[in-house]
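Supplied in structure tokens, the structure appears directly below.
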Amino acid sequence: MVNNMNPYSIGIDMVEINRFYNLPVSEHSRFYARIFDTSEMEHCMHSKNPYHSLAGIFAAKEAVFKAISSEITLNLWDITILHDSEGKLLVSIKDRCFNQENEANVLVSISYESGFAFAISLVIKNDRTIKFTELLKNISSSTSKVLNNEFRREGRDVTAKKAS
């Protein structure tokens, strides 16, 4: 499925949480059913802030999609963001859970800040010839570029502000 994949790829996304508050689940059930799987909806609806969680899961799906869609054909609804018993995020793509034992390790992280949900995904092909330190150097510079592009796309200021 991902045999021709680059050694690694990164995806990032940010979603305004108010977009989900403006789409109440009770009024937009078809939208939610198209995008979110039953386990994702259950997790979000039982969380303290359901619309925060929905925005976060959506951003995570988009980040994974951006990281892996150039390598395999998939749709957003093919991606499921799961939580293990300790709350760690797991990614299932087309009913295949990716982890270190499979052909690729798909990692995702979600953060919330200033009314936005941010997610970043890292896909690492399981190739023992990749030097981990080299990978980290490349990821650092790639992440910086991706973040700047994402903020520009959203029309936000990308200038770093110094803490007082």
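Scan region 43-76 residue by residue and report those that are aliphatic (A, V, I, L, M), assigned to a helix (DSSP H, G or I) and closer than 22 Å to Lys94 by Cβ.
Leu54, Ile57, Ala59, Ala60, Ala63, Val64, Ala67, Ile68, Leu76
Further, regarding this structure: Pull up region 22-81, narrow it to residues that are exposed (fewer than 14 other Cβ atoms within 10 Å of the Cβ) and touching a strand residue (DSSP E or B) at 6+ places or on another chain (Cβ under 8 Å), then point me to the one that is nearest to Ala117 (Cα to Cα).
Among those residues, the one meeting the criterion is Ser39.
Now for a separate question. Just to be sure I understand, how many residues within region 21-39 are assigned to a loop (DSSP other than H, G, I, E, B) and without any contact (Cβ under 8 Å) to a residue 12 or more places away in the chain?
Number of matching residues: 6.
Something else now. Go through region 52-90 and count every residue that is over 9 Å from the mean Cα position of the chain (by Cα) and farther than 16 Å from Ser111 by Cβ.
18
Sticking with this structure for a sec: Looking at Leu89 and the list (1) over 21 Å from Lys125 (Cα atoms); (2) touching a strand residue (DSSP E or B) at 6+ places or on another chain (Cβ under 6 Å), which single condition is not satisfied?
(1)
Additional query: What is the residue count in region 45-60 for residues that are without any contact (Cβ under 8 Å) to a residue 40 or more places away in the chain and within 9 Å of Ser121 (Cα to Cα)?
0
So, one more: Any idea how many residues of region 52-75 are among the aromatic types (Phe, Trp, Tyr) and at pLDDT below 95?
Matching residues across region 52-75 total 1.
The values are calculated or read from the model by the stated rules, or taken from the named source; none is laboratory data. Bear in mind the structure is a predicted one, so any value in this text is a computation, not a measurement. Every residue, glycine as well, gets a Cβ built from its backbone with ideal geometry; the counts of neighbours run over all protein chains shown.
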